Amino acid sequence: MGEHQLSYEELVDCIVHDKQVPNILHVPNVTLDPSLSKDSSMRPRLKPWETTATNPVPSVNVPKEASPAILSSKEEFPRSQSSKSLSKYYSIETEFEQQLQNFLGGGDEQISTSESQ
């Protein structure tokens with residue numbers, strides 16, 4: 001029958017009348033001799049809930065003084081620096097929106113931003 005795809009009715013007809021269905025390989029039902037198989041050298045993988053019970057997580061001794069050192073080394077930004085960065089970000093964002101609008105075909109329209117409102 002070649003590359004012809006069967007309709008549902010044709011497939012049912014092949015099955016009912018015990019005809020060979022095209023494009024289906026016949027695989028013989030053969031059981032191999034157990035002596036041909038070899039023992040698995042890998043053990044089964046542990047489940048997530050089994051790993052914590054059998055393999056305890058190594059605890060790291062963290063000195064209590066390390067936490068305040070991290071907090072004290074936190075970089076503080078003056079308000080003037082952060083507002084400059086914020087206004088620079090807004091200008092970049094506005095320029096990006098305008099370029100995107102020009103790219104998408106709406107070059108004549110101006111984008112209203114939250115700054116102008």
| said: So Leu32 ticks every box in (1) in a loop (DSSP other than H, G, I, E, B); (2) at pLDDT 90 or above but one. Which box is left unticked? | reply: (2)
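Every residue, every condition in (1) in a loop (DSSP other than H, G, I, E, B); (2) at pLDDT 60 or above, yes or no:
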{"site": "Val27", "(1), (2)": "yes, yes"}
{"site": "Leu46", "(1), (2)": "yes, yes"}
{"site": "Ala53", "(1), (2)": "no, no"}
{"site": "Ile70", "(1), (2)": "no, no"}
{"site": "Lys74", "(1), (2)": "yes, no"}
{"site": "Ser85", "(1), (2)": "no, yes"}
{"site": "Tyr89", "(1), (2)": "no, yes"}
{"site": "Ser114", "(1), (2)": "yes, no"}
| Would you say His4 is touching a residue at least 12 places away in the same chain (Cβ under 8 Å), surrounded by fewer than 10 Cβ atoms within 10 Å (Cβ to Cβ) and either assigned to a loop (DSSP other than H, G, I, E, B) or aromatic (Phe, Trp, Tyr) (or both)? | yes
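The values are calculated or read from the model by the stated rules, or taken from the named source; none is laboratory data. Everything quoted here is computed from the prediction, not taken from an experiment. Note that each Cβ is placed from the backbone with ideal geometry, even for glycine, and that neighbours are counted across all protein chains shown.
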